[in-house]
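Readers should treat all values here as calculations from the given coordinates under stated rules, not as data from a laboratory. Every value quoted in this text rests on a predicted model; they were computed, and no experiment measured them. In this analysis, Cβ positions are derived from the backbone assuming ideal geometry, glycine residues included, and neighbour counts consider all displayed protein chains.
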Amino acid sequence: MIVAERKPMEEILAMTEEFDRILVLGCKGCTTVCCAGGSREVEELATLIRMNRKQKGKTVDTLEASTELQCEPESVTPVLERLANQYDVVLSMACGAGVQTVVKVLPDLRVLPALNTNFIGVAEEHGVWTEVCLACGNCILGRTGGICPVTRCSKQLLNGPCGGSMNGKCEISKDVDCAWQLIIDRLKELGELELLEEVFPVKDWSAGWHGGPQKIVREDLKS
Amino acid sequence: MKSGSNLERVLESGQFAFTGECGPPKGTAPKAVQKKGELLKSCCDAVNVTDNQTAIVRMSSLAGCMLLKEIGVEPVLQMVVRDRNRLALQADILGAAALGIRNVLCLSGDHQKFGNHPTAKGVYDIDSIQFIQMVKTMRDEHKFINGEEISGDVPFLIGAAANPYADPFEFRVIRLAKKVSAGADFIQTQGIFDVPKFVEWMKMVRDRGLHEKTHILGGLIPIKSVGMARYMRNNVSGLSVPKELVDRMADAKDPKEEGVKICLETIEQLKEVEGVHGIHVMAVAWEDIVPRIAEEAGLMPRPVV
Amino acid sequence: MNNFEPLIAVFSCHYCSYAAADLAGSSRIQYPPNIRVIKVPCTGRVSSNHILRALECGADGVYVAGCLEGTCHFISGNFKAKQRVQHAKNLLSQIDLEPERVQMYFMSAAEGARFANVAKEMTETIRELGPSPLGRNKSE
């Protein structure tokens, strides 16, 4: 899923200061699963904004709502239409894709991001999320025992590990596993370690963002 | 001869090589490089110039190499893949070749998080092994990595780093084999403090016949204080400094003398290891000790081939 | 400050602290009238949003009273409550409200006296801190 985190309160309060009617819009997709922008977090943020305003002796009207998938205009439009004219700004608690979809649906209003979108990742355990995919457009998971070196190796080595790998940890931090140690261990288990004796060729980065902002068109699906 | 460099000639003649290292300044003064060069000139077959080492911005390695060349010292151009993509790497290789630089060391580079610009984007377009392969293709096939022809020669002796102490231990030799098959003509290892483990690693290297396909130079870092020993043991990833060494430095009456003694002992041990074709000294902030080490280790005068 | 009477919301679990409150009552142990008890089946039912809303609705202080660690009827509800109380404290700091206005306490059903003491202690703490900067007006 896409993993995001709420921006520091300071930043959110500063960006919403000038508005008196705020729609706090959560998403029932990824940001619910990573506990950053679901309906619970919407309630929390809206409450904190109201409490902060009260402290300053001012008032603010907050609306709390959530879309199914904020990255789908069909999920966004009905929610916004139902609440039309009751807010001056949308404070989105979805990922960057959600925020930009709301902008598309509502080109005349300000839409602000309450979250920082961090990565494509998984939950290691409840409350701990790690980055595992960089959407490079050229998946090599079949050759690395299912562990992605493009994302999980800090230097994106395809012929790792580097000389900084110690005790299975990456040189940048003891909290980061050395992806190549994981790959070697896994391939050893699978009896496929010889896969690593060949020099892995250079990567075609143009298959992903480095080739320009990506677009996929399916002619068979277009109306 | 692949490059015709002095280092290549010494290694190919079967003599024990001795290379040094020079870190460029965080500034623009040529003297900062050339002073170190003068110290190392008579006792080293070639001198490495580091490339934004530990991700701290310094004068570029290419410039440092030219400054050394100016005073008659043969340089080894260190290049990391952290800061340049394949376009810039190939361009710099062509430029270095045009300027008469003949040795290159292809490295990954310490992660930018460690350095003084931790918010910078790390490039890592290709890795160090792909880089070695790329330079070999440029040299032997006169081709860029995209297959296009290069006009003119690209005569480089290609080097790589190896760390006998990093994990996973059993895989290090496979990785070395990859570097050799990719085209590494010489290897400079990380600083050796734990000699028995290095000997163990060399045995695995010899079992694969790698010592006959590439020239391995054992790395040496002279220690001048117990603080330095401790720091390297605890803070530098990839270094293996045994506790006994730290204790030895702590108990020493004259730490610098002890440091020199340890170097000389290590050199004598390394001379005995089959497959070790030389020493690479990294005398960080202590370049002036290198001539003495070379002298007392019986490595002077340097061969003229 | 002396005539300020704090208003304190107490989330109290059926199995332990509410029983302790009953025991305090039947043992005629006096405790301050400043607390308003909200019974929950388990303190694990309490979310950090409940705590924030209690403050928004006019409480000067809030505490959650659950079972002694290891004795929660629902195994780990009190542990979750403790985490959520800490989360609420962090959130209060982020909007410049005193985190001390929110606390977590543990007690058994037999501890009538403890229930009373905690009520006294928290009332005094909040009296020191003063009225909530949010004012007493009930919000929606």
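The table that follows gives values for the structure above.
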| read-out | value |
| --- | --- |
| For region A:165-180, Karplus couplings with θ = phi - 60° (6.51, -1.76, 1.60), whole Hz, Gly/Pro x | 6, 10, 6, x, 10, 6, 5, 6, 5, 5, 8, 10, 5, 6, 4, 5 |
| Per-residue Cβ neighbour rank within 10 angstrom, fewest leading, B:18, B:186 | B:186, B:18 |
| Loop-located GluC sites (Glu not before Pro) in region C:54-116, at most 11 other Cβ atoms within 10 Å (DSSP) | C:69 |
| Acute angle (nearest 10 degrees) that the helix A:96-105 long axis makes with the longest principal axis of chain A, alpha-carbon atoms | 40 degrees |
| Likely footprinting exposure, B:131, C:79, fewest C-beta neighbours within 10 Å first | C:79, B:131 |
| For chain B, share of DSSP beta bridges that run antiparallel, in % to the nearest 5 | 5 percent |
| Gyration tensor verdict on region A:2-119 (Cα atoms; rounded if a/c is under 1.5, prolate if a/b is larger than b/c, oblate otherwise) | oblate |
| Greater than 29 Å apart at Cα, pairs in B:121/B:256; B:121/B:179; A:169/B:35 | B:121/B:256; A:169/B:35 |
| Principal-axis tilt of helix B:255-271 within chain B, Cα atoms, nearest 10 degrees | 60 degrees |
| Whole-number D in µm²/s for the protein assembly as shown (Stokes-Einstein; Kirkwood sum over Cα pairs; 37 °C, 0.692 mPa s) | 110 µm²/s |
| Mean residue ellipticity (222 nm) of chain B, computed from DSSP H runs ≥ 4 via -39,500 (n - 2.57), nearest 500 | -12500 deg cm²/dmol |
| Residues whose placed amide H lies under 5 Å from that of residue A:3, excluding near-sequence neighbours | A:118, A:119, A:120, A:121 |
| Between helix A:73-82 and chain A: long-axis angle, C-alpha atoms, 0 to 90°, nearest 10 | 20 degrees |
| Residues B:286, B:201 arranged by fewest to most Cβ contacts within 10 Å | B:286, B:201 |
| Amide H partners (placed H, <5 Å) of residue B:162, local residues excluded | B:188, B:189, B:190 |
| Range in chain A, longest, excluding exposed trypsin sites (Lys or Arg not before Pro) [loop by DSSP; at most 14 other beta-carbon atoms within 10 Å] | A:59-214 |
| Cα shape, chain B, gyration tensor, a/c 1.5 rule | rounded |
| Built amide H within the under 5 Å cut-off of residue C:102, gap 5+ | C:62 |
| Most mobile listed residue (A:176, A:42, A:150) in chain A, GNM with C-alpha springs under 10 Å | A:176 |
| Antiparallel DSSP beta bridges within the protein assembly as shown, as percent of all bridges there, nearest 5 | 20 percent |
| Estimated 222 nm signal from helices in chain A, with DSSP H stretches of n ≥ 4 weighted -39500 (n - 2.57), rounded to 500 | -8500 deg cm²/dmol |
| Violating pairs (Cα-Cα greater than 20 angstrom) within the set A:203/B:143; B:31/B:69; A:174/C:80; B:2/B:31 | A:174/C:80; B:2/B:31 |
| Loop-resident sites, region B:173-271, for trypsin sites (Lys or Arg not before Pro), counting at most 10 other Cβ within 10 Å (DSSP) | B:253 |
| Count of Lys pairs (Cα-Cα under 25 Å; at least 8 positions apart or interchain) in region A:2-119 | 6 |
| Partner chain coverage, peptide A:173-182 - average Cβ within 10 angstrom | 1 |
| Exposure rule at most 10 other beta-carbon atoms within 10 Å, DSSP loop GluC sites (Glu not before Pro): chain A longest free segment | A:19-218 |
| Low-density loop positions, trypsin sites (Lys or Arg not before Pro), region C:86-140 - DSSP coil, at most 14 other Cβ in 10 Å | C:136, C:138 |
| Pairwise centroid distance, computed over Cα atoms, of region A:1-28 with region B:107-157, Å | 43 Å |
| Global form of region C:8-129, assessed from the alpha-carbon gyration tensor, a/c cut-off 1.5 | oblate |
| Alpha carbon centroid spacing (whole Å) that separates region A:173-223 from region B:1-72 | 37 Å |
